Amino acid sequence: MAEKKVVEPRRPTDWALVEELLSSEEMRTMFLYGDPSLGKTYAAYHFGRTGEEIYAITLTEDTPAAELRGHYVPVEGELVWRDGPFTAAMRNGSRLVINEVTHGPPEAQSLLYPVLESIETARLTLPTNETVRPAPGFQVICTDNLTPDELPDALQDRFDCTIEVTEPHPNAFDKLPADLRQAARRSFALESARRVSIRRWLAIDRLRGKIGLRKACHAVLGPARGDQIMDALNLGKA
Amino acid sequence: MGKRPKRRRVRIRKQSAYPTHRTQQHLPYPELVESEPNDTPYRILDSNHIDGLISNGLTNKQDRQLIVPLDQNGHVVSNHELAHVKWSPEIWPKVRYHPNIFLAVEDARVNLGLERIGMPMQVPPSDRVEIAKLAFQDFQRGDYGMLILRGIASLGTDVEEAIFEPLAQADPIIRELGNDLRESVRTRLERAADRIEKPVASDRATGKIAKDVAKRLESYGLIEKCGLTSVAEADGCLVCGPPGEGCGDGDGVLTIDDGARAHTRRERSGGDVDPGTMKIVMAPTPQRILGNQRALERKWRPAAEGSVVTAVHRMPIDGAIFRRPIRHRGGTILIDTSGSMRLSSEEIDRLVRVAGGATMVAMYSGDGDEGELRIIAKDGRRAVGMHLDPYGQGNIVDLPALEWLAEQAMPRIWVSDGSVSGCGDRGSKELRLACADVKRRGQIERLGKVDDAIARMSRRGRRAARVDRTKKKS
Ligand SMILES: Nc1ncnc2c1ncn2[C@@H]1O[C@H](COP(=O)(O)OP(=O)(O)O)[C@@H](O)[C@H]1O
Ligand SMILES: [Mg+2]
Ligand SMILES: [Zn+2]
């Protein structure tokens, strides 16, 4: 009763598969989920579709659906329609990246139903009465810290693939110098009170040149935790 | 020959031994010093809240458990324990002498190692006084064996002098023995380390030294003889000094072994676990929650951009002819206050404090076959004091509590580690699926921590969505 969580071994993430899928034209909709800082957003922005415009939005519970679809903007006394990222990505056949999709309000999620439909049936009718259909190449990648269970069944069902990310991409570790890399590998999966994400390690590494490693640890993690990490690093390499 | 030391019953006061929000910043990172990576993280407990400890630092590499004081002064103890993680044997061996002897020499070994790598153990002044006091008590009691062991354990630290000091007044034979062991243990450990060009001596060399120390102490009758005993039964790191205050009464305690066993909740394959019976109580709510009490009627606000035109008359005024939905604070928060959540009443208090006027907050937990769901904030008023203390240590009533939540105002937030149980605090697959189903149907969002819920509450009504267009270059 003291602690109920059974520690399950972490399943490795097949990052090669994620990259392959993101480069495939057949893959239209993906739900990529896992703990923060594992590189989900990075993957959605950088893998496949290189050199093209990518539309990206981060949902919060206050995101109005109109912001996603588009809205009128007054320009010199006239109202002009502006496409939102959903509409623009569809029109241009681009990739649309939606971060933290489960955090969106129900209205925003409702707007996802028609957008996530198959290429033949997906369409959005705008308040201008225009109906937008996806141009070839339109792709939707949703990233999230929460599991797909947080979404309604019907929405879950609309993703071509649903992939859990459990560890950072190897390239992310390679950005760190050797003396921090092992610590980063061992600390990203600790329980949340002690977790140090790769993002934090990258920040520590960026700052250390100017202020030294200990102070960088203090600045990024706070003095007490910074000291704990610093002493563990020193002892680790002894 | 010889008897084994009595099994130590170390008692962990449930819940409070686990790191709280306040103590978390002092958690050490043993995983970073191990030579081999290991997927199972260490379990770290706060020795400030464990009853019956002789020492405030304890490492068990086999069970991957560390007991250290989670406070500023405890950092030096944590470093000492991390040195055990780095250099001590994977499994504490069994020895034919008192296990405290082995551990004292082991302490000397890792402290000298810390000294060699430039991280000497520097004990904070207040603790140094405590440790010196213990040594003096050993002396007064005539427990010279313990006194000498304490001294050996402190080799390489800045409390060494203080511990050996009382020995100067002891019988010359004892004094000589003590000084001799002090010197020989140090030189032998250092030489052994030099020989292998490592910061510390090998396991074998250290074991030999310990055995010799045991022989000497036993021959002088300064320490009781023991049959084959695991070093895991030793009293802990003698150099770390006594545990701090906070060692309270003996109620609601379990032994470390019980705790470790309870670590993994057995799920019964049959799955015939019934949820416990739940009573819903309304705690007295004498205090008003300060803060945003704005009326909740307005659902829209005018805006200059939008897609639904509602106020053409504003065009010449401010152009805010569209309407946009306003989101209000509100909804319902349900907190799992079972033991595994390790919530302190301060944490619950903080959450209740930020709960806006329209938010209802309830907490639940259980014991045996029943539990309680207690409403602790409602209509802008909140409960205080003991009404924020958990009802029981178990979950028991997750299912009825979730069913209750599914009927309350949206958004519905469940603060829980997600582990659920029924009668007897047992879990089952069926029960888990039933809870997952209620959660899904009720559009309940689970957050693992009180802080997440607090962040969620204070985020509300502020941040708008960030739209960023990312141009990618190949
Ligand atoms: N494949 C990668 N290559 C290089 N850096 C990466 C990679 N993946 C992640 N990162 C680094 O890690 C940080 C966190 O990744 P991010 O995608 O924002 O995480 P998430 O979306 O999972 O929370 C990024 O800012 C980036 O610096
Ligand atoms: Mg992200
Ligand atoms: Zn020790």
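The values are calculated or read from the model by the stated rules, or taken from the named source; none is laboratory data. Predicted, not measured: the structure shown is a model, and the values here were computed from it. When we count neighbours, we look across all protein chains shown, and the Cβ atoms used for this are built from the backbone with ideal geometry, even at glycine. Note: accessible area is taken over every heavy atom of the protein model, side chains too, but ligands, DNA and RNA are not part of it. Shrake-Rupley method; radii C 1.70, N 1.55, O 1.52, S 1.80 Å.
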**Asked** For region A:143-170, which residues satisfy the criterion of being without any contact (Cβ under 8 Å) to a residue 12 or more places away in the chain and either over 23 Å from A:A56 (Cα atoms) or not in a loop (DSSP other than H, G, I, E, B) (or both)?
**Response** A:D149, A:D153
**Asked** Among A:D153, A:D179, A:D149, A:D174, which is within 13 Å of ligand 1 (Cβ to nearest atom) and among the acidic types (D, E)?
**Response** A:D174
**Prompt:** Quick one: is A:A2 at the interface with chain B (Cβ under 9 Å from one of its Cβ atoms), part of a helix (DSSP H, G or I) and at pLDDT below 95?
**Reply:** no
**Prompt:** Is there a residue being assigned to a strand (DSSP E or B) and assigned by TED's automatic domain parsing to the domain that holds B:V281 anywhere in region B:419-436?
**Reply:** yes
**Prompt:** Does B:D417 qualify as being surrounded by fewer than 18 Cβ atoms within 10 Å (Cβ to Cβ) and either acidic (D, E) or within 23 Å of B:R350 (Cα to Cα) (or both)?
**Reply:** yes
**Request:** Name, by its number, the condition in (1) farther than 23 Å from A:E120 by Cα; (2) touching a helix residue (DSSP H, G or I) at 6+ places or on another chain (Cβ under 8 Å) that does not hold for A:R49.
**Result:** (1)
**Request:** For A:L17, indicate whether it is more than 16 Å from ligand 3 (Cβ to nearest atom), closer than 26 Å to A:N171 by Cα and within 15 Å of the chain's Cα centre (by Cα).
**Result:** no
**Request:** Can you work out which of the residues in region A:153-170 that are away from ligand 2 (no atom under 16 Å from the Cβ) and open to solvent by 50 Å² or more (accessible area, probe 1.4 Å) is nearest to the chain's Cα centre (by Cα)?
**Result:** A:T162
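The rows are residues; the columns are (1) at pLDDT below 95; (2) within 14 Å of ligand 2 (Cβ to nearest atom).
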position: A:V7; (1), (2): yes, no
position: A:R11; (1), (2): yes, no
position: A:L21; (1), (2): no, no
position: A:E53; (1), (2): yes, no
position: A:G84; (1), (2): yes, no
position: A:V101; (1), (2): yes, yes
**Asked** Within region B:366-390, can you find the residues that are open to solvent by 10 Å² or more (accessible area, probe 1.4 Å) and of a type outside the set (D, E, K, R)?
**Response** B:G368, B:I375, B:V384, B:G385, B:M386, B:H387, B:P390
**Message:** If a residue must be open to solvent by 30 Å² or more (accessible area, probe 1.4 Å), within 13 Å of chain A (Cβ to nearest Cβ) and out of contact with any strand residue (DSSP E or B) (no Cβ under 8 Å at 6 or more places or on another chain), how many such residues does region B:90-118 contain?
**Reply:** 3
**Message:** Based on this model, can you work out whether B:E130 counts as away from every other protein chain (no Cβ under 14 Å), touching a residue at least 60 places away in the same chain (Cβ under 8 Å), under 32 Å from the mean Cα position of the chain (by Cα) and more than 16 Å from ligand 2 (Cβ to nearest atom)?
**Reply:** yes
**Fill in**
Taking region A:219-238 and the residues there that are open to solvent by 60 Å² or more (accessible area, probe 1.4 Å) and over 27 Å from the mean Cα position of the chain (by Cα), the one that is farthest from B:T23 (Cα to Cα) would be A:K237
**Asked** Right, B:L58: away from ligand 2 (no atom under 16 Å from the Cβ), open to solvent by 20 Å² or more (accessible area, probe 1.4 Å), within 22 Å of B:E115 (Cα to Cα) and away from chain A (no Cβ under 12 Å) or not?
**Response** yes
**Request:** Kindly indicate whether B:V85 is within 14 Å of another protein chain (Cβ to nearest Cβ), open to solvent by less than 10 Å² (accessible area, probe 1.4 Å), within 19 Å of B:V213 (Cα to Cα) and within 27 Å of the chain's Cα centre (by Cα).
**Result:** no
**Request:** Look through A:R195, A:R200, A:R206 and report the one residue that is surrounded by fewer than 17 Cβ atoms within 10 Å (Cβ to Cβ), outside the structural domain of A:E67 (by TED's automatic domain parsing), within 16 Å of ligand 2 (Cβ to nearest atom) and not aliphatic (A, V, I, L, M).
**Result:** A:R195
**Message:** Among the numbered criteria (1) in a loop (DSSP other than H, G, I, E, B); (2) farther than 30 Å from B:K439 by Cβ, which one does A:L190 miss?
**Reply:** (2)
**Fill in**
Only one of B:R350, B:R412, B:R381, B:R432 is within 29 Å of B:P19 (Cβ to Cβ) and over 28 Å from the mean Cα position of the chain (by Cα), namely B:R412
**Request:** Kindly provide the set of residues from region B:19-40 that are farther than 20 Å from B:H84 by Cβ and facing chain A (nearest Cβ under 7 Å), ordered by number.
**Result:** B:Q24, B:Q25, B:D39
